[in-house]
1. Based on DSSP H runs of at least 4 residues, each adding -39500 (n - 2.57), what is the mean residue ellipticity at 222 nm of the protein assembly as shown after dividing by all its residues, to the nearest 500 deg cm²/dmol?
2. Relative contact order of chain B, please, whole-number percent, based on alpha carbon pairs below 8 angstrom and at least 6 residues apart.
3. Label points 7 Å out from Cα along the Cβ direction at B:Asn63 and B:Asp284: separation in nm?
4. Go ahead and set up a Gaussian network model of chain A, Cα springs under 10 Å, then flag whichever of A:Gly307, A:Gly108, A:Gly284 fluctuates most.
5. Take a quick pass over region B:150-279 and tell me how many lysine pairs come in under 19 angstrom between Cα atoms, counting only ones 8 or more apart or on separate chains.
6. With a 10 Å Cβ neighbour count serving as the proxy for reagent exposure, in which order, fewest first, do B:Trp97, B:Trp359, A:Trp5 appear?
7. In nm, give the distance between the simple-model label positions of B:Asp265 and A:Leu169, each being 7 Å from the Cα along the Cα-to-Cβ direction.
8. Take the alpha carbon atoms of the protein assembly as shown, find their radius of gyration, then divide it by 2.2 N^0.38 Å using N residues; give the quotient.
Amino acid sequence: MKKLWNNKTTRTNLTTYLVVTVAFVVMQLMSSFGQLGSAMKGYLIPVCAYIVMAVSLNLLVGVCGELSLGHAGFMGIGAFTGIVIAALLQDAIPNDTLLLVVAMFAGGIMAGIFGFLIGIPALRLRGDYLAIVTLAFGEILKNIFSNLYVGLDSEGLHMAVSTGKVQLLEGGRMILDGPVGATGITKLSTFPMGFVLILFTLFVVLNLINSKEGRAIKAVRDNRIATESVGINVTAFRMKAFVVSAFLAGMAGTLFGLNFSSLQASKFNFNASINVLVFVVLGGMGNILGSVISTAVLYILPEAMRGLDDLRMILYAVVLIIVMLFTWSPSVKNAVQSVTASVQEKLRKNKKEAVNNE
Amino acid sequence: MKKVFAIVLAAAMIAAMFAGCGSGSSADAGTIKVGMTGPLTGGAAVYGTAVEAGMKIAVEEINAAAGDSGLKIEFKSADDEHDGEKALNAYNTLKDWGMQFFAGCVTTAPCLSVAPQAVEDQVFMMTPSGSSEKIANTGSNIFQMCFTDPNQGANAALLVAEKEMATNIGIIYDSSDDYSKGLVDGFKTKGAELGLNIVCETSFTSDNKSDLSTQVTQCKDAGCDFVFLPFYATEAAQVLTYANKIGYEPTFFGCDGMDGVLTIDGFDTALAEGLVLMTPFNPDAEETQDFVSKYKDMMDGVVPNQFAADGYDVIYSIYNACVATGIDGTTSAADACAKLEEYFATYTFDGLTGSGMTWDAAGMISKVPAAVIIENGKYVAF
């Protein structure tokens, strides 16, 4: 056990699982003792979904080194696929948890397929170009969803891309209604399922990073030419990271979508992608636990500051800048380090003196 | 360094958690708690802040004159950024504050997100300006102060037919906006019944609305002498400006979203002359002057639009109903909801946006539709 703990990677991974589990248990206990307000309860599931989003994007941005600005698009695919599947199978699967799992996998697989299709042309590009293509892709998806009409009646699913084309029989209902989005969704998402999804995501991502594939992916990030020269198929490994990331984002989307009773395509816009990117950058590129913590904090922070009224969003921005400076600016880092070093030095001296005095 | 970061974040999280809870407050019998959410920041802020100000005026008036019944209002607003997810968070925050009545949301998408939760919690909800039919249909405790979109579209068609305003009708609408689409659907359905001749129908989306010249040209080429513009004032200003540029002068006709067209920055209001719009509130009418001057004081001289008046009416309708049914600050939200639901079935309310307003079983409003025409930079009853 001690040997395991001495391995740095294993230690970081175990800490990650531990932090997430402790946070879950604390929240569950507080909730069952009635210590959580409705607001806090409302944050739990979205936070879970965003954590999965941030971790999956971190795989792409931090580990693979590819900037993606369309991650919310995959979330949208997952959300709307999940909503349609859940409505379709509602009678076939009476168990809510099972239905949610099926919907999540359907959403994930759909997002994965789209990730693969987009990856074929997009992954020929690098850096800024890839960022722009993913951005465009996210916007395209958003527009498709806001023009998609899906109805369900006794004859099955009906789909169209313009209004009035979906004619439903008696007793049928619209699942997706163009710009109005999905309404009347049966809420299936629960906090424990969100927690399970986070664990699943961590399991997939952490194992991938520390595997042979993961090392190849990191090699591609660090030096593409050198990697290619030793016979590693660069595109294939980038594609793997891209598809896994899209798959997880799709699952997060389903969890998110099935938590609200109505959902519009405009939710999955450029801003949503950037928001997740902010979580990743502030948590630290390639730092999975960092992504988890920064997502939870940055999601709740603006909500907790509601009491400040008009100053809320300004202060939120200021907090972002300060955290960014404190964690990533070399000069601030050095300053903090020198302060902590001198404090440590003093402590050590005091100790020595104490020992000497004895 | 990472440790320091982790500790800072953990501390922030704990602080956030404490800020989140512990706000449960004591109930005072003489004060009812009303909450609202709306877009107070962001692209739709103009509607949210207008409603908020209208409501605040009503609350101030009521609290100043509370002598008769002794019942006062404590009012709290929260920003929802025109987003369903944020609206739900804001609503939950208000619930933790002890809200008894929910006077929101302002825009449709947040309403659709919050309404099912309000039904589940049994909190009385009345939206001042969320106009989709689906909102009121969510549950029996959800009410609307404004017309539903299809109803307003139908009223518009009726007015056009009655006054014989058009021979060839063109429609420009925002296909990415459910408000715009609801109006068009209502207009077209009623128009087909009344034999209106729609010759041109063209649309744009929220992503490509920075230039509407193509759509205006299409209507001109189709020979339309009447153009229906079921969208908001900012886009309408663009349409009017471009039409003037190419010398196209049909009758332009808008709905309540068009209200505020005279206050748009950088827009030559002379171009809006002759524009007809459906709006329940006329800031140039005599009976609204008291409200208009109070609003101007509060908002640095801005003239109120119908959103503000809707907000004002929502507060008064809830307050009057509370006084009539004997609800006070100690009544639980669910009890108050049940009482009001029953009371609103037979309730008739007179306010700024109309008199003799009643609500049907679904919670949709019924009032006399009104239209105004812009003459010499002022609204004149049409």
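Rule-based calculations on the coordinates, nothing more; no lab input. Please read all numbers here as calculations on a predicted model, not as lab measurements. So basically every Cβ, Gly included, is an ideal-geometry build from the backbone, and we count neighbours across all protein chains shown.
1. -18500 deg cm²/dmol
2. Values: 776 pairs, mean separation 68.4, N = 382.
For chain B, the relative contact order is 18 percent.
3. 3.5
4. Taking springs between Cα atoms under 10 Å, the residue moving most is A:Gly307.
5. Working: B:Lys163/B:Lys188; B:Lys163/B:Lys190; B:Lys181/B:Lys190; B:Lys181/B:Lys209; B:Lys209/B:Lys220; B:Lys209/B:Lys245; B:Lys220/B:Lys245.
Here the count comes out as 7.
6. Numbers: B:Trp97 18, B:Trp359 23, A:Trp5 10.
The order, fewest Cβ neighbours first, is A:Trp5, B:Trp97, B:Trp359.
7. 5.6
8. Here the answer is 1.04, to two decimals.
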